[in-house]
Structures are given as C-alpha cells and as structure tokens.
Amino acid sequence: MKAKSLTNKSGVSSEKDKKNESKKTTTKSTVKTSDQAKPKAKTAENKKTVAASSRSTTKSSTTAKKAVKPTAKATTAKVASKSDTKTTGKSTATKAGSKKETVQKSTAAGKGKEKKINVSSSRLRWKGSEPAGSHTGTIGLKEGSLHVKDNKITGGRVIIDMSTIVCEETNEELGRNLKAHLEGGDFFDIEKYPYGEFEIKSIKSKGDHDEITGNLTLKNVTKSVTFPAQINYTEHKVKCYSSNFLIDRTAWGIHYGSANFFRHLADSFIDDHIEIGLLIETE
C-alpha cells in the first residue's frame, strides 16, 4: 500500500511537474512571443520614425523648394530687369540715333545750298623738290560739292582722283617715268589707294583773305591742314583757290627718298615737303 501511495504521489508529482513544465513552456513561449513581438514593434516604431523622418525631410525639402522658388523668381526678375534695361537701352539708343540723325540733317540743311563742283575746271596743283631740281604737276578731282549760305562757304568735300596725276615735264619719257613712280608703292600707291579726300571744317576771315582748315586724307591717313585762300562769290558760282602751302609727305606715310628716314642718301634725297595749291570751282 505504501508503495502505491508512493507511486500515486509520484504520479501526482509527475503530473504537477508536467503542469509546471507546461506552464514554464507556455511562459517561455509567451516570453519568446513577446520578445519576437518587440522587434516587430521596434520595426513598426522604426518605420513610423522613418516615415516621420521622411515626411519631415519631404516637408523640409518642400519648404526648401518653396524657399528656392522665390530666389529663382528674383533671379528671373533680375534677368528680366537686365533685359528690360537692354531693351530700354536699345530704345534709348534708337531715340538718340534718331536725334543724331535729325541733328545731322538739320545741320546739313543749316549749311545752306549745296553746289556741285565743276570737275573739269577744279584741280590740285603740286610741286616736289630735290637737290637736282623740282617737278610740278596736277591731280584731278573726281567729284565734290560746297555748301554756301549768305555768300559764305559753310562746308564742303572733294574727292581727289589719284589716277589723274599729271607730270609737267618737257621730256615726255621723263614725265612718264615720274608719273609711274608717283603712282607706285614708293609714293601714292594708287592701286591700293585710288582716291584722296579733302573736307572743309572751318573758314575764317583774315581781312584780305580767308583761312581754310580741313582734313586731308591720303593713303587712308587723315591730317588737319590750314592754308590761306581767296574765295569769290557770284550769283551762280563760287570759286575758291588757295595760295600754295606746304605739307610734310612723311606724315601720310610717304617716306621714299626722305633724308629723315634714309641717312645714306646724301644729295639723292627728295624733300619731305610738297607744295600744294587747291582750285575748286562750282558749276
């Protein structure tokens, strides 16, 4: 009987043990489950955090974009402003150009009546010198005009035709050779520079004569010259003829035979100064 009792007790105890073990297992599984749930919860929390962070980042980027947009607008405004300035500048320039043109037209109108020159009776006279002697000749004018108001020349411009150089030599061969030399690269280089020009800038009365100041262009070089002249006015014509005056040819880049540029020439040099006289007569 005792043995049975022990057996029963043992059986009871084993049942209790089983129950306890079952509880422990249940507890462990519950713990495990809760432990497993925790990472999920953490994962969910992390996701929430990430989502929140993402939303925060999105908001901040949206805010940044919003903040950037006004800057972009401001930049565009600046560019537009510059564009407007350019446009305004152009319109201002156009207006200024119009004013300038108007001024030029009114000035031209203010110069008086334009009178075309008579090319057959107008010319430029020249004289060049060297130790052995001197040479003279003429150069014709291609076209031009004078502006006259109240019997006074107020302006004018003539074109010098460099292909019409005439050398007044008694020896025809010498004249031909001299003409060819003057037309070549050593002197006026007429193939490259076929025309010269004289433009009247001002005329001052000096009692018994007038003083003309103007721009003389030769070989594409322009220099101011001043010389005395006599001007006769009739009802239909104007005749202007200058006294002879000197120009330094080297100022226009004509250096051939110049003692100032070629020291070894001795008595073979050609004078730097050319004597000029201008006759202009209107039609």
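Every residue, every condition in (1) over 23 Å from residue 140 (Cβ atoms); (2) open to solvent by less than 50 Å² (accessible area, probe 1.4 Å); (3) among the acidic types (Asp, Glu), yes or no:
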position	(1), (2), (3)
173	no, no, yes
177	no, no, no
189	no, yes, yes
221	no, yes, no
229	no, yes, no
234	yes, no, no
245	no, yes, no
252	no, yes, no
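Going by the structure shown, is residue 146 crowded, with 19+ Cβ neighbours inside 10 Å and under 27 Å from residue 233 (Cα atoms)? Judged against the criteria, residue 146 is a match.
Scan the range 205-216 for residues that are of a type outside the set (Val, Ile, Thr), farther than 16 Å from residue 241 by Cβ and modelled with pLDDT of 95 or more and jot them down. Within the range 205-216, 215, 216 meet the criteria.
Could you go through the range 213-221 and let me know if any residue there is β-branched (Val, Ile, Thr) and in contact with a helix residue (DSSP H, G or I) (Cβ under 7 Å, 6 or more places away or on another chain).
First, pick out the residues of the range 213-221 that are β-branched (Val, Ile, Thr): 213, 217, 221.
Checking the rest, the ones that are also in contact with a helix residue (DSSP H, G or I) (Cβ under 7 Å, 6 or more places away or on another chain) come to 221.
So far as the range 213-221 goes, yes, one or more of its residues are β-branched (Val, Ile, Thr) and in contact with a helix residue (DSSP H, G or I) (Cβ under 7 Å, 6 or more places away or on another chain).
Among the residues of the range 254-273, those identified as touching a residue at least 40 places away in the same chain (Cβ under 8 Å) and open to solvent by less than 20 Å² (accessible area, probe 1.4 Å) are 254, 257.
Taking the range 224-243, which residues are closer than 20 Å to residue 117 by Cβ and either among the hydroxyl-bearing types (Ser, Thr, Tyr) or assigned to a loop (DSSP other than H, G, I, E, B) (or both)? Scanning the range 224-243 gives 233, 234, 235, 236, 237, 241, 242, 243.
This table checks each residue for (1) farther than 28 Å from residue 281 by Cα; (2) among the basic types (Lys, Arg).
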site	(1), (2)
185	yes, no
188	no, no
197	no, no
211	no, no
219	no, yes
232	no, no
242	no, no
245	no, no
257	yes, no
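Annotation for the range 191-208: no member residue is within 30 Å of residue 268 (Cα to Cα), open to solvent by 50 Å² or more (accessible area, probe 1.4 Å), small (Gly, Ala, Ser) and not in a strand (DSSP E or B). Kindly indicate whether any position in the range 210-223 is of a type outside the set (S, T, N, Q) and part of a loop (DSSP other than H, G, I, E, B). Checked against the condition, which is being of a type outside the set (S, T, N, Q) and part of a loop (DSSP other than H, G, I, E, B), the range 210-223 yields at least one hit. Number of residues in the range 195-224 that are among the aliphatic types (A, V, I, L, M) and over 22 Å from residue 164 (Cβ atoms) equals 2. Of the strands (runs of 3 or more DSSP E) that lie entirely inside the range 119-190, those containing 3 or more residues that are among the polar types (S, T, N, Q) and touching a Lys or Arg at 6+ places or on another chain (Cβ under 9 Å) span 133-149.
The values are calculated or read from the model by the stated rules, or taken from the named source; none is laboratory data. Values in this document were obtained by computation on a predicted structure and should not be read as measured data. Cβ: placed from backbone, ideal geometry, glycine included. Neighbour counts: every protein chain shown. Just so you know, the surface numbers come from the protein's heavy atoms only, side chains and all, with ligands and any DNA or RNA stripped out. Shrake-Rupley method; radii C 1.70, N 1.55, O 1.52, S 1.80 Å.
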